[in-house]
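The values are calculated or read from the model by the stated rules, or taken from the named source; none is laboratory data. For clarity, every value in this text was computed on a predicted model and none was experimentally measured. Using ideal geometry, Cβ is built from the backbone for each residue, glycine included, and neighbour counts are taken over all protein chains shown.
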Amino acid sequence: MSERAALAAVVYDENEPIDALFAQLRQELEERGRRVGGIIQTPCEESVFATHIETGRRIDLMQHLGACAEGCRLDTTALAEAAGLLAQSLAAAPDLLLISRFGRAEIEGGGFLAEIGAAASAETPTLIGVGAKRAADWRAYAGDFAETLPFSLEALLTWWEAVAPKAPT
């Protein structure tokens with residue numbers, strides 16, 4: 001390991017395709033024989049799905065409250081289920097752990113916050129997508145324990161190569 005932080009965030013603007021960037025990174029690392037684990041999100045019509053990388057299991061994160069419903073649609077039970085899958089990913093000691101979002105649930109002390117902390121404690125290379133509107137909240141949470149990376153595959157690969165565990169021989 002290097003002096004670079006094993007925990008990093010990509011702060012992205014609303015119009016930047018963070019999921020596509022993470023898919024490119026994952027493909028590149030898997031082609032190198034590295035194991036990538038974690039949770040990615042897939043927006044789909046009127047919902048958002050969390051997909052567990054290792055098993056392909058998809059969890060609908062939104063409650064379907066009806067046409068006139070207002071308020072938060074996040075299904076906290078589904079989010080807790082996704083967090084459990086993320087914990088399984090971390091326990092399997094991947095070469096890289098991807099967490100597609102740091103959002104409102106984490107800011108409020110829930111969501112994937114425990115898993116992010118566990119990954120940081122284990123010094124597992126972990127990359128998290130943080131929307132620009134959540135960047136200050138991320139910095140307040142992570143402080144100097146995490147790096148902030150630009151929205152660039154080259155930047156992500158440079159970071160990962162600096163923090164990656166040694167490749168098996």
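A few notes on this one:
- The single condition among (1) free of Cβ contacts under 8 Å to residues at least 40 places away in the same chain; (2) surrounded by 18 or more Cβ atoms within 10 Å (Cβ to Cβ) that ILE40 does not meet is (1).
- Count - residues of segment 115-154 that are without any contact (Cβ under 8 Å) to a residue 60 or more places away in the chain, exposed (fewer than 15 other Cβ atoms within 10 Å of the Cβ) and among the aliphatic types (A, V, I, L, M): 3
- Failed item in (1) crowded, with 21+ Cβ neighbours inside 10 Å; (2) among the small types (Gly, Ala, Ser); (3) at pLDDT below 95, with GLY110 passing the rest: (1)
- Selection from segment 1-34 of residues that are over 19 Å from PRO94 (Cα atoms) and assigned to a loop (DSSP other than H, G, I, E, B): GLU3, ASP13, GLU14, ASN15, GLU16, PRO17
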